[in-house]
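What follows is a set of notes on a single structure, which appears directly below.
The values are calculated or read from the model by the stated rules, or taken from the named source; none is laboratory data. All figures in this text were calculated on a predicted structure; none of them were measured in a lab. All Cβ positions, even for glycine, are placed from backbone atoms using ideal geometry, and neighbour counts span all protein chains on display.
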Amino acid sequence: MSDVLAIADHRRGELRDVSYELLTAGRDLADETGGDLHVAVVSGPVDEYAEKLDREGVDAVHTVDYGEEFNHDVYTRAITQLYDALAPQYVLAPNSVNGLDYAPAVANRLDLPLVTDVVDLAVDGDALVATREMYGGKVETTTELAADAAAVTIRSGEWPAAEGTGDATVEAFDVDIDEDAIGSTVTGFEEVAGGDVDITDADVLVSVGRGIDEEENLELIFDLAEAMDATVSSSRPIVDNGWLPPNRQVGQSGKVVTPDVYVAIGISGAVQHVAGMKGSETIVAINTDPNAPIMDIADYAIHDDLFDVVPALTEEFGG
Amino acid sequence: MKVLVTVKEVATVEDEFEIDGTAIDERFLGADLNEWDDYAIEAAVQLQEDGIADEVVTVTIGPEDAEQTIRQALAKGADRAIRVWDDALADVDLLDVGAKTELLQAVVEDEDPDLVLTGVQSGDDSFGATGVSLADAIDTQWAAVVNDLEVDPDAGTASVHRELEGGVEELTEIDLPAVLTIQTGINEPRYASLRGIRQAQRKPLDHQTLADLGVDDGAVDGDLELTDMYEPETETDVTVFEGSAEETAGDLADLLREKGVEA
């Protein structure tokens, strides 16, 4: 019992990037335990997926041809049955929205300790050592799991994607699913409305976050954007508060943007936000907190009160 | 129908802080209602106002100090509260998902709710897993990361939107009873009214020990141990503009013009 079972993530006919990152994390872990890396892909065009997942370091791909789209009941049953058949030491799943919809159920059903949103993994003797963040990224922690086996979900973007072509065996796995036990049905998908503005199209984005405090203060940001001939975008809390529509949101659950210039105002830079804007050419941060995570990826910064800096900047551009 | 909402008091950290062993030094910690749970409470109270929920009960795992936070939920409209705590819990550094599941499972078995609402995650340890784990333990349906909810009590179903990555939502029908993990932005959490705050003082808040729940002491000894905590290494090569707001704004404007920004 030293093998690793990694679960691929896909949606609407495409494997998601984290699937290939799982292969790297899984291979690293299997090297430490001296076991094989098994990969499972459940639902959708599994043979096509299996071919793509057969990258360097993968020993076996198990396909579960059942249904088209994600269903957590199908996933939970398929993975627990694969676990019983393969007896791996570790189960690796993506810390995606779907990963979080089945991994805790799998862990509970198999009585495995679960550690989620992991950014690094190592094995120390008999213990699995997981690195993860707490308090919204303010600290990193190491957690030791002194168990024979465990389930882990990994954060996307923390491991490089596996490359090359492997020589994995591809096997169809027959899953036994009681249709009556499926209590949820996906009826469709909806894209967040495009609205009047496409922030992915802008060359210059002036992006506003929690630091703006009050809805009325957004005027300062729009004044600046107008003076700079820029488009206004935002981080999640502004949209959650209903101050701007969802089509303005940058981040993991919003839009991914790559403008020439991204000016982050009062945005702390949570990992979910950074995922949506790290590809910007030049990143400027205006924030009172010099330790805010946004500073790690900013090229230029002003550590000062936005209520002083923003009006002064607007004036610089003749606003 | 009866709605159970899990509520957590989370530690909040100041911008500047110090670490003491595997915890943040208490001098730099505050306490607040978990942000996601605030939305879960609002969703439950709205179901009550719409005549769908007859009773809204909150459950918290936490020490007596957490009662102030629990009262916030009562002030916003929940009918009564359960607080699970025990000396055996006070010694646990990191209460893992399995332990939380076992405690909440015992409460659900006592209360028998039709719908359980939890926050997607907590702002401190951010496991994001307890709701779905609980659903499996109590053998009900579930949905994670819900940002739109409609309950049809006659049909015994819930129609939800699950917020996937990249601005896509999944539309799902779920049989009740179910556990839903609620995402921020699903509604606009209300502020408690003065009247609500006064009423909350008189609402029942029951304390339950492990023995009361019939849970073994051993259940809370998880397999996870926090062994280190540190500030993340920063690899920043940020250029910081110094000076008054006028000076820094002037420097930044020069830079932005260089990058092609024009008035």
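A few comments on the model shown:
- Restricting attention to region A:262-287, the residues being under 20 Å from A:PHE222 (Cα atoms) and touching a residue at least 24 places away in the same chain (Cβ under 8 Å) number 10.
- Of all the listed residues (A:GLU219, A:GLU226), the sole one being over 30 Å from A:GLU68 (Cα atoms), in contact (Cβ under 8 Å) with a residue 40 or more places away in the chain, surrounded by fewer than 18 Cβ atoms within 10 Å (Cβ to Cβ) and more than 8 Å from every other protein chain (Cβ to nearest Cβ) is A:GLU226.
- Top-ranked residue of region A:205-219 - restricted to ones that are assigned to a strand (DSSP E or B) and β-branched (Val, Ile, Thr), ranked as nearest to A:SER234 (Cα to Cα): A:VAL208
- Considering region A:116-141, the residues that are within 20 Å of A:ALA30 (Cα to Cα) and hydroxyl-bearing (Ser, Thr, Tyr) include one that is surrounded by the most Cβ atoms within 10 Å (Cβ to Cβ), namely A:THR116.
- Filter pass, A:HIS10 being of a type outside the set (Val, Ile, Thr) and touching a Leu at 6+ places or on another chain (Cβ under 8 Å): no
- Only listed residue being at pLDDT 95 or above and under 27 Å from A:PRO160 (Cβ atoms), chosen from A:ASP84, A:ASP47: A:ASP47
- Where helices (runs of 4 or more DSSP H) fall wholly inside region B:182-263, the ranges with 2 or more residues that are among the charged types (D, E, K, R) are B:194-202, B:245-258.
- Some residue of region A:152-171 being over 22 Å from A:ASP3 (Cβ atoms) and in a strand (DSSP E or B): no
Conditions tested, residue by residue: (1) among the polar types (S, T, N, Q); (2) touching a residue at least 24 places away in the same chain (Cβ under 8 Å); (3) under 27 Å from B:GLU258 (Cβ atoms).
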residue	(1), (2), (3)
A:ASP174	no, no, no
A:PHE189	no, yes, no
A:ASP198	no, yes, yes
A:PRO246	no, yes, no
A:VAL256	no, yes, yes
A:ASP260	no, yes, yes
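- In region B:143-159, the qualifying residues are those that are without any contact (Cβ under 8 Å) to a residue 40 or more places away in the chain and of a type outside the set (Gly, Ala, Ser), and the one that is surrounded by the most Cβ atoms within 10 Å (Cβ to Cβ) is B:VAL145.
- Residue match in region B:172-179 (condition: within 30 Å of A:ARG132 (Cα to Cα) and surrounded by 13 or more Cβ atoms within 10 Å (Cβ to Cβ)): yes
- Residue within region B:247-258 that is buried (at least 19 other Cβ atoms within 10 Å of the Cβ) and either more than 12 Å from chain A (Cβ to nearest Cβ) or closer than 20 Å to B:ALA40 by Cα (or both) present: no
- Scanning region A:113-132 for residues that are more than 7 Å from chain B (Cβ to nearest Cβ) and either farther than 18 Å from A:LEU22 by Cβ or acidic (Asp, Glu) (or both) yields A:ASP120, A:ASP124, A:GLY125, A:ASP126, A:ALA127, A:VAL129.
- Of everything listed in (1) closer than 30 Å to B:ALA178 by Cβ; (2) polar (S, T, N, Q); (3) away from chain B (no Cβ under 14 Å), the single unmet condition for A:SER96 is (3).
- In summary, A:ALA270 fulfils each of the numbered conditions (1) more than 8 Å from chain B (Cβ to nearest Cβ); (2) in contact with a helix residue (DSSP H, G or I) (Cβ under 9 Å, 6 or more places away or on another chain); (3) buried (at least 21 other Cβ atoms within 10 Å of the Cβ); (4) at pLDDT 95 or above with the single exception of condition (4).
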